Amino acid sequence: MPAVVSKFLERGETALKVNRTAISGAVIAAVMFTYGYKVAYPLVDRYFHKPDKEQININNNLVKTSIIQQNGDPKTQQVISKRSKLLNAIPGLNLKFILQFFRLLRIMIPGVLTPEVALLSGHTLFLFLRTFLSIYVANLEGAIVKYTVRKEPKNFMIQLAKWFAVAVPATFINSMIRYLESKIALRFRTRLVEHSYDLYFKNQSYYRVTVLDGRLDNCSQRLTDDIETVASTVSHLYGQITKPMFDILLMAIALANLVKSRNANLITGPVIICGVVFLSALILRVVSPKFGQLVAQEAEKKGYLRHVHGRIVSNAEEIAFYGGHKVEQSHLRSAYRILVQHMEHMFGVKLWFVMLEQFLMKYVWSGTGMFVVSLPILLGAIKTGKIDDDASGRDNISERTHYFTTAKNLLITGSNAVERLMSSYKDVVELAGHTARVANMFQVLEEASQGIYQKTVVEKRKEVGGFQIEFKGNQPIAKGKWIQSKDEIILGNVPIVTPNCDVVCPSLSFQLKPGQHLLITGPNGCGKSSLFRILSGLWPIYGGELHTPKDSMFYIPQRPYMVIGNLRDQIIYPDTYADMINKQVTEDDLRRIMQMVHLEHIVDRDTFHEIKDWTDILSGGEKQRMAIARLFYHQPKYALLDECTSAVSIDVESNIYQQSIDMGITLLTITHRPTLWKFHSHILQFDGTGAWTFNTLNADDRLDLKKEKMNLLEISKDQKLHSNEKERLDEINRLLGEDDN
């Protein structure tokens, strides 16, 4: 490479008729100017264009756009701002990080007699052996150089044979260090994943942190990428810190013995080295950027980008129907642009820091090392007044060469160890960012499983219908009680309150016994589905008492969930195959259930063991009948049916309801089909303003009112209704609990 450069300079000198020194200086000046421009331009641009902060705020608001669209309420920006403050909290090397890290460490290493401790012990042993090998190789290299200078081929070949012999255990030890580091990272990740899954599914926390709590955005990002990063970083840092500490300790002892053999001062060299290292560490600590904050923000923006992708995948059909690809593409590009801008900012921050770090660690330390290593030789020469000694003297050239080569290798290994230790600071700070996210996720999941939520309320509602939610700070207090009953459902002054603290119904009271089938009616938004969520225990009870039998309700929504698995798994969900065997249910029983819901053709076509994407294969009506098959399989005491047969034909629907009643299942139904009224004995009717009525249902009288309403609506199409007819239509709507249409 120098020869090539020399030729270019020679040709340039001939062509331009300029001195080679001037050309070299011009090239170096151009390089320095370019590099200075690269480093200084962002700082100057930021100083003269301070309004860029406004653009940053715009970008941050783009990150929050999807949450605003999900809630459909501009007031949720207050929620987002508080979340952003939490997410942008600066993690660093403080007491909070230490407590969070040790909490995760107890999860990753739960005890002394664990596989993790065995792996760490083996890893430590190999790190220790690697340090010993480094010292041995340094001495061996010094001996090779010494016998080369002495021109002793026999001893040279012996030392070279030792060199190749030690290569076999050295390569094995290096490979084992990397292998054990990977194994430790995998074990740590497994421990964290198992713990997080336990918390995620404990007491339906996966639902609560999504609906009832507002502290975790992009929880899937933390469950996957952040946990993996924490595990791999901790495993890497263990070797990154332990190996340098062994190196520094043993190299210092070896260097002390080597310097002592030269009758040199043991204090001067270490003092100079420690002073330079301490000063370098102080400089890097003062000017170090906030890598923890930058990493946490990067993880947040990556999670948002994944969230936008997930929304498009989940709502692909709706987006295609609307033709909204341009809007979705703009959101996706905005999310990616925000991530790119942040990463470019990180690259710019790291540029000058890495430059300073490399200057101090590679050049300043190397120069200091060469100076310290040369001190015993230079001082010895000054004392004796000789540059070269006699061949018969102890301090001959070969011995000095042996000393210098060995000491240099030991010092290089030691300086590399100190460099790794100081570089690990940056890794620790970055680890603090991911540790804060994972520890915060664990804390939120634990609190959510215990019924402790934190979600900013947009507006604290005043008293509604004699009921008012009590707040402690900014959080509502759930003062209601859930009491396990034998077989009855009893609501005593239970309010229906949404997670946003909107009081839909201030007080609801009724009693339902097995065999009393309840029809629930009312306009949209009156609290019908909300009542099911309260009965199922998904929403907290803010007042009164709720008596329900334990594990006796089975909820079927309008859009049933199809699980991953075969056809048998669709029927027995949420049971497993082992649960099915324990219940002594056979596939013949499942076939009879499929016949009851008119789905036996699917069994004949696909068998019970065929694994397919059932969400796409089954039609809407087939999926609803599959959900009814689950109901017949489990046979609970109570079935909460939320428009669950809207895509099923009327004759099949009537047959299904009759079979449910024959099985002894008590039905609580939300429906708009008058054909189902006859299967219910009681009616709970909401009026949409918080009022309600609970009465015995007379299906015939109700059908007569429905027919009368239809007749009045037919008349209104041809002519204007008289005042008495309008009053009668309003009265019928009130009695039926329906809208005007």
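The values are calculated or read from the model by the stated rules, or taken from the named source; none is laboratory data. Quantities reported herein were computed from a predicted structural model and do not represent experimental measurements. Neighbour counts run over all protein chains shown; Cβ positions are idealised from the backbone, glycine included. For accessibility, only protein heavy atoms count, side chains too; no ligands or nucleic acids. Shrake-Rupley method; radii C 1.70, N 1.55, O 1.52, S 1.80 Å.
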Subset of region 632-655 (residues that are crowded, with 22+ Cβ neighbours inside 10 Å, touching a helix residue (DSSP H, G or I) at 6+ places or on another chain (Cβ under 7 Å) and touching a residue at least 40 places away in the same chain (Cβ under 8 Å)): Ala639, Leu640, Cys644
Residue within region 347-357 that is at pLDDT 80 or above and either open to solvent by 50 Å² or more (accessible area, probe 1.4 Å) or part of a helix (DSSP H, G or I) (or both) present: yes
Those residues of region 516-547 which are open to solvent by 20 Å² or more (accessible area, probe 1.4 Å) and in a strand (DSSP E or B), in sequence order: Glu545, His547
Region 479-498, subset out of contact with any Asp or Glu (no Cβ under 9 Å at 6 or more places or on another chain) and crowded, with 17+ Cβ neighbours inside 10 Å, residue modelled with the lowest pLDDT: Val497
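Kindly evaluate Thr124 against the criterion of being of a type in the set (S, T, N, Q), surrounded by 14 or more Cβ atoms within 10 Å (Cβ to Cβ), in contact (Cβ under 8 Å) with a residue 12 or more places away in the chain and in contact with a helix residue (DSSP H, G or I) (Cβ under 9 Å, 6 or more places away or on another chain). Before you say what the answer is, go through the steps one by one.
Numbers: of a type in the set (S, T, N, Q): yes; surrounded by 14 or more Cβ atoms within 10 Å (Cβ to Cβ): yes; in contact (Cβ under 8 Å) with a residue 12 or more places away in the chain: yes; in contact with a helix residue (DSSP H, G or I) (Cβ under 9 Å, 6 or more places away or on another chain): yes.
Here the answer is yes, as Thr124 does meet what is asked.
Would you check if Glu181 is under 14 Å from Glu116 (Cβ atoms) and in contact with a Gly (Cβ under 7 Å, 6 or more places away or on another chain)? Before the answer, list the steps.
Working: under 14 Å from Glu116 (Cβ atoms): yes; in contact with a Gly (Cβ under 7 Å, 6 or more places away or on another chain): yes.
It is true that Glu181 is under 14 Å from Glu116 (Cβ atoms) and in contact with a Gly (Cβ under 7 Å, 6 or more places away or on another chain).
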Qualifying residue in region 286-304 (condition: exposed (fewer than 14 other Cβ atoms within 10 Å of the Cβ) and more than 20 Å from the chain's Cα centre (by Cα)): yes
Test: residue in region 161-183 that is without any contact (Cβ under 8 Å) to a residue 24 or more places away in the chain, aliphatic (A, V, I, L, M) and farther than 28 Å from Ser121 by Cα: yes
Subset of region 432-478 that is among the small types (Gly, Ala, Ser), at pLDDT 80 or above and outside any loop (DSSP other than H, G, I, E, B) - its residue that is surrounded by the fewest Cβ atoms within 10 Å (Cβ to Cβ): Ser449
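Tell me which residues, restricted to region 568-577, are open to solvent by 60 Å² or more (accessible area, probe 1.4 Å) and farther than 19 Å from Leu641 by Cβ. So that I can check it myself, show each step before the final result.
At the first step, the residues of region 568-577 found to be open to solvent by 60 Å² or more (accessible area, probe 1.4 Å) are 573-574, 576-577.
Hits for region 568-577 are Thr576, Tyr577.
Could you count how many residues in region 656-676 are open to solvent by less than 10 Å² (accessible area, probe 1.4 Å) and without any contact (Cβ under 8 Å) to a residue 24 or more places away in the chain? Outline the logic, then answer.
Narrowing region 656-676 to residues open to solvent by less than 10 Å² (accessible area, probe 1.4 Å): 656-657, 660, 665-670, 676.
Going one step further and asking which of them are without any contact (Cβ under 8 Å) to a residue 24 or more places away in the chain, we end up with 657.
The total comes to 1.
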Residue check for Ser220: assigned to a helix (DSSP H, G or I) and open to solvent by 40 Å² or more (accessible area, probe 1.4 Å): yes
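Can you name the residue in region 548-567 that is open to solvent by 30 Å² or more (accessible area, probe 1.4 Å) and touching a Leu at 6+ places or on another chain (Cβ under 8 Å) and is also nearest to Lys513 (Cα to Cα) among such residues? Write out each step before concluding.
Residues of region 548-567 open to solvent by 30 Å² or more (accessible area, probe 1.4 Å): 550-551, 553-555, 557-559, 561, 564.
Add one more test, that the residue is touching a Leu at 6+ places or on another chain (Cβ under 8 Å), and what stays is 553-555.
Details: Met553: 13, Phe554: 16, Tyr555: 18 Å.
Going through the qualifying residues, I end up with Met553.
Against the condition in a helix (DSSP H, G or I), modelled with pLDDT under 85 and buried (at least 16 other Cβ atoms within 10 Å of the Cβ), how does Gly239 come out, does it pass?
Working: in a helix (DSSP H, G or I): yes; modelled with pLDDT under 85: yes; buried (at least 16 other Cβ atoms within 10 Å of the Cβ): yes.
In short, yes.
For region 135-154, enumerate the residues that are in a helix (DSSP H, G or I) and open to solvent by 50 Å² or more (accessible area, probe 1.4 Å). Break it down into steps so the answer makes sense when it comes.
First pass over region 135-154, keeping only residues in a helix (DSSP H, G or I): 135-150, 153-154.
Selection gives Tyr136, Asn139, Glu141, Thr148, Val149, Arg150, Pro153, Lys154.
Return yes or no: is Ala627 of a type in the set (Gly, Ala, Ser), on the phi < 0 side of the Ramachandran plot, in contact with a Leu (Cβ under 9 Å, 6 or more places away or on another chain) and in contact (Cβ under 8 Å) with a residue 60 or more places away in the chain?
No: the conditions fail for Ala627.
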Close pairs from region 316-343: first closer than 29 Å to Leu294 by Cα, partner open to solvent by 40 Å² or more (accessible area, probe 1.4 Å), Cβ under 6 Å, at least 6 apart: Glu328/Ile312; Ser334/Leu62
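Regarding Lys623, is this residue open to solvent by less than 80 Å² (accessible area, probe 1.4 Å), of a type outside the set (A, V, I, L, M, F, W, C), over 30 Å from Gly515 (Cβ atoms) and modelled with pLDDT under 95? First the steps, then the outcome.
Details: open to solvent by less than 80 Å² (accessible area, probe 1.4 Å): yes; of a type outside the set (A, V, I, L, M, F, W, C): yes; over 30 Å from Gly515 (Cβ atoms): no; modelled with pLDDT under 95: yes.
So Lys623 does not fit the description; no.
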Hey, Leu160 in contact with a helix residue (DSSP H, G or I) (Cβ under 7 Å, 6 or more places away or on another chain), under 25 Å from Thr224 (Cβ atoms) and part of a helix (DSSP H, G or I) or not: no
